[in-house]
Amino acid sequence: MEEKTILELLREQFPAGLKETSALLGDEVAVIDKEALLQIAAFLKNGPGEFTMLLDLTCVDYPGDESRFEMVYHLFSLTRNRRLRIKARLSEGDLRIASLTSLWKNANWLEREVYDLFGVHFDGHPDLRRLLMYDGFEGHPLRKDYPLRREQPLIPLKE
Amino acid sequence: MPTRIQKQARQDTMLLNMGPSHPAMHGTIRVMLELDGERILNSEVEVGYLHRGFEKTCEYRTYFNLLPYTDRLNYVSPLICNVGYVMTVEKMLGIKVPERAQYIRVLMSELSRISDHLTCLAAMAMESGAFTVFLYNMKAREFLWDVIEQTTGARMTTSYIRIGGVRADLHSGFDTALKKAVEETRLVLKDIHGLLDKNKIFLNRTRDIGVMSQEDAISFGWTGPCLRSTGVSYDVRKAHPYLVYDRLNWEVPLGERGDNFDRYMVRMKEMEQSLRIIEQAAVRLPKSSRAFITEGLAPARAIKESRRQRVRRDIALSPNLEGSEGVRYPDILASDMGLVIPPKEETYTTIEGLIDHFKFFMSGHGLRPPKGEAYFAVEGGNGELGFYIVSD
């Protein structure tokens with residue numbers, strides 16, 4: 001049972017950083033402390049798990065929760081053919097998390113997207129700018145409290 | 001505010017702005033280029049112009065409502081996007097899909113994949129000066145889309161794959177139409193091989209151009225034909241088999257150098273493999289247990305009769321898109337009450353069907369997957385197409 005080993009290895013290596021593990025619907029999930037993200041990600045990439053691919057990096061907004069935002073990382077190991085999901089909670093007052101650009105190149109744009117749409121800051125990101133919206137756009141559209149119909153045209157619309 | 005490329009620009013180079021609306025751009029995208037003669041030294045891409053806020057829309061829609069939006073994620077292969085989304089929801093709900101529906105999904109996915117690759121290569125060939133190939137590819141695509149249209153009712157925005165199965169059974173002339181499309185596509189592929197494989201101009205413009213190393217491709221998270229062109233054998237259909245892909249015989253074509261030519265070649269070979277899959281799936285497709293009802297009550301009469309008593313006779317509906325007859329549902333749709341749309345004739349003639357319909361469609365009702373989250377990926381036309389859905 002390989003997948004067990006990876007989660008167990010994580011538990012052994014990072015007893016403090018790892019909060020919880022589960023395998024809901026067959027998806028391996030590790031909930032971690034945000035401070036330990038870079039260490040754990042580096043271990044997963046270079047360690048025995050060989051999670052060489054970052055498939056997706058996104059964020060989920062849980063309005064009303066104490067730690068409102070949840071960063072979600074989907075990793076994939078080509079050699080072991082395993083997917084792994086890592087989640088880390090961020091509170092609204094401290095929206096900072098380590099950047100993974102040093103480990104995966106596609107983290108650059110994905111983190112810019114999350115910065116753009118959720119307003120999470122990535123420490124160590126070389127070029128943290130908005131990716132989809134333009135400079136001067138107010139707010140972060142994918143936050144649940146951003147209204148669906150709010151319009152911010154770059155060139156003012158005619159009356 | 002000066003952009004990154006403006007800040008980094010060297011003294012004797014030229015900055016050129018391309019797009020967002022440029023005749024040579026496919027889609028609305030802006031590329032700022034730093035040029036030294038014809039060589040691109042540096043570039044900066046702005047991709048936000050075509051972003052439609054799909055995720056934001058999702059927040060305000062029900063699981064069923066959302067299906068038509070997935071067509072628009074990639075309008076050349078909408079059926080694969082349908083399959084990806086629908087299977088993620090099925091994973092959350094734990095729905096088991098009838099085998100015939102699974103085969104139909106495979107058939108539709110592969111038809112879409114071929115049309116996706118054809119479109120990609122058509123544009124690629126046109127850009128490198130081979131306009132004939134563009135026209136040939138479009139011709140082949142039309143044959144495939146004819147088959148898709150006859151079954152799903154639309155060429156592009158199909159919304160055909162439904163949670164629990166598919167919308168309607170295959171139309172009666174499907175086998176013949178499919179056979180013709182496969183034959184025509186094979187001929188076109190042969191023509192393209194002949195036109196491009198040893199074409200000096202095409203080779204000059206693709207061989208060893210745009211080379212991507214294996215390490216970079218993995219680090220950039222490439223998947224699909226582009227990753228395979230660098231020699232990494234990763235195809236979601238093989239690595240995490242879904243539907244019935246593990247029961248069919250096919251191979252994963254690989255490239256060696258990771259240049260433009262390899263990407264062309266991998267796509268060409270993949271289309272051949274997809275044709276193989278289609279042929280096998282069409283043969284192994286379990287037969288439908290019920291024939292189409294040709295002689296039955298007209299819908300209007302059935303509704304009238306249902307006001308007085310339960311309708312016991314068969315009701316004749318248009319065999320595919322109007323309502324798809326309920327008797328054929330067991331073959332193409334899961335039977336879980338409340339998770340799939342009830343057959344139209346039941347909605348109109350029985351109170352249970354009406355309640356079921358109401359519960360499914362009215363706002364405040366509809367599908368409610370258990371709390372949790374799921375990630376599911378299918379092999380799309382351009383690579384792994386994953387959906388991550390969180391249900392609260």
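The values are calculated or read from the model by the stated rules, or taken from the named source; none is laboratory data. Here the structure is a predicted model, which is why all the values come from computation and not from measurement. All Cβ positions, glycine included, derive from the backbone under ideal geometry; neighbour counts span all protein chains shown.
Of the helices (runs of 4 or more DSSP H) lying entirely inside the range B:206-286, those containing at least 3 residues that are β-branched (Val, Ile, Thr) span B:260-284.
Only a single criterion out of (1) touching a Lys or Arg at 6+ places or on another chain (Cβ under 6 Å); (2) assigned to a strand (DSSP E or B) is not satisfied by residue B:20, namely (2). When we screen B:344, B:371, B:359 for residues that are closer than 22 Å to residue A:86 by Cβ and at pLDDT below 90, the only hit is B:371.
Out of B:70, B:57, B:62, one residue alone is within 17 Å of the chain's Cα centre (by Cα), within 25 Å of residue A:150 (Cβ to Cβ) and either without any contact (Cβ under 8 Å) to a residue 24 or more places away in the chain or more than 14 Å from chain A (Cβ to nearest Cβ) (or both). It is B:70. Taking the range A:72-102 as the range and being polar (S, T, N, Q) and either touching a residue at least 12 places away in the same chain (Cβ under 8 Å) or more than 10 Å from every other protein chain (Cβ to nearest Cβ) (or both) as the test, the residues that pass are A:77, A:79, A:91, A:99, A:101, A:102.
For the range A:103-159, the set of residues classified as of a type in the set (Phe, Trp, Tyr), within 11 Å of chain B (Cβ to nearest Cβ) and touching a residue at least 24 places away in the same chain (Cβ under 8 Å) consists of A:104, A:118, listed by residue number.
Filtered by the rule that a residue be of a type in the set (Val, Ile, Thr) and modelled with pLDDT of 80 or more, the range A:1-54 gives A:6, A:21, A:29, A:31, A:32, A:40, A:52. Return a yes/no flag: does the range B:4-14 have any residue that is surrounded by fewer than 12 Cβ atoms within 10 Å (Cβ to Cβ), touching a strand residue (DSSP E or B) at 6+ places or on another chain (Cβ under 9 Å) and at pLDDT below 85. So far as the range B:4-14 goes, yes, one or more of its residues are surrounded by fewer than 12 Cβ atoms within 10 Å (Cβ to Cβ), touching a strand residue (DSSP E or B) at 6+ places or on another chain (Cβ under 9 Å) and at pLDDT below 85. Considering only residues in the range A:108-129 that are in contact with a strand residue (DSSP E or B) (Cβ under 6 Å, 6 or more places away or on another chain) and assigned to a helix (DSSP H, G or I), the one that is nearest to residue B:221 (Cα to Cα) turns out to be A:110.
Condition check ((1) more than 14 Å from every other protein chain (Cβ to nearest Cβ); (2) touching a strand residue (DSSP E or B) at 6+ places or on another chain (Cβ under 9 Å); (3) without any contact (Cβ under 8 Å) to a residue 12 or more places away in the chain) across all residues:
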| residue | (1), (2), (3) |
| --- | --- |
| A:15 | yes, no, yes |
| A:25 | no, yes, yes |
| A:36 | yes, yes, no |
| A:41 | no, yes, no |
| A:53 | no, yes, no |
| A:56 | no, yes, no |
| A:59 | no, yes, no |
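Scanning the range A:1-32 for residues that are loosely packed, with under 15 Cβ neighbours inside 10 Å and in a loop (DSSP other than H, G, I, E, B) yields A:1, A:15, A:16, A:26.
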